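The values are calculated or read from the model by the stated rules, or taken from the named source; none is laboratory data. Note that the coordinates shown come from a computational prediction; the quantities given were computed from them, not determined experimentally. Virtual Cβ from ideal backbone geometry, glycine too; neighbours counted across all protein chains shown.
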Amino acid sequence: MEPLEKRVARKSAQIYLPIALGAALVFFLLASAVGEYTATARIGGAVWIAVLSLIIAMPLVTSRIKKLARQRASNPD
């Protein structure tokens, strides 16, 4: 992997992982506070939300970070 690709991958992961884990945490806390769901349902739902959030956030964040990195590489101000 090229240095630029490595930086893009690392920076992207630093953004989309907290987004996905934050969404899962919010789901878990809301499911715990609002309903009387079993622990299995709350944990399973949180994992499901984390996976779906990763699926959505990964390509969006990575493409945006890659675009910004290319712009900075072509215009080193």
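A few comments on the model shown:
- Inclusion of Ala50 among residues that are surrounded by fewer than 17 Cβ atoms within 10 Å (Cβ to Cβ), within 27 Å of Ala69 (Cα to Cα), among the small types (Gly, Ala, Ser) and in contact (Cβ under 8 Å) with a residue 24 or more places away in the chain is not warranted.
- Count of residues meeting criterion [among the small types (Gly, Ala, Ser) and more than 14 Å from Ser12 (Cα to Cα)] in region 61-77: 2
- Residues (more than 20 Å from Pro18 (Cα to Cα) and either surrounded by fewer than 12 Cβ atoms within 10 Å (Cβ to Cβ) or polar (S, T, N, Q) (or both)) located in region 53-77: Lys67, Gln71, Arg72, Ala73, Ser74, Asn75, Pro76, Asp77
- Subset of region 6-21 (residues that are more than 14 Å from Ala69 (Cβ to Cβ) and either surrounded by fewer than 13 Cβ atoms within 10 Å (Cβ to Cβ) or modelled with pLDDT under 95 (or both)): Pro18
- Pairs with Cβ under 6 Å, 6+ apart, first in region 58-77 and more than 14 Å from Leu4 (Cα to Cα), second not small (Gly, Ala, Ser): Met58/Tyr16; Val61/Ile15; Val61/Tyr16
- Pairs, first among the charged types (D, E, K, R) and modelled with pLDDT of 95 or more in region 33-46, second exposed (fewer than 14 other Cβ atoms within 10 Å of the Cβ) and not in a loop (DSSP other than H, G, I, E, B), C-beta under 9 Å, six or more apart: Arg42/Ser32
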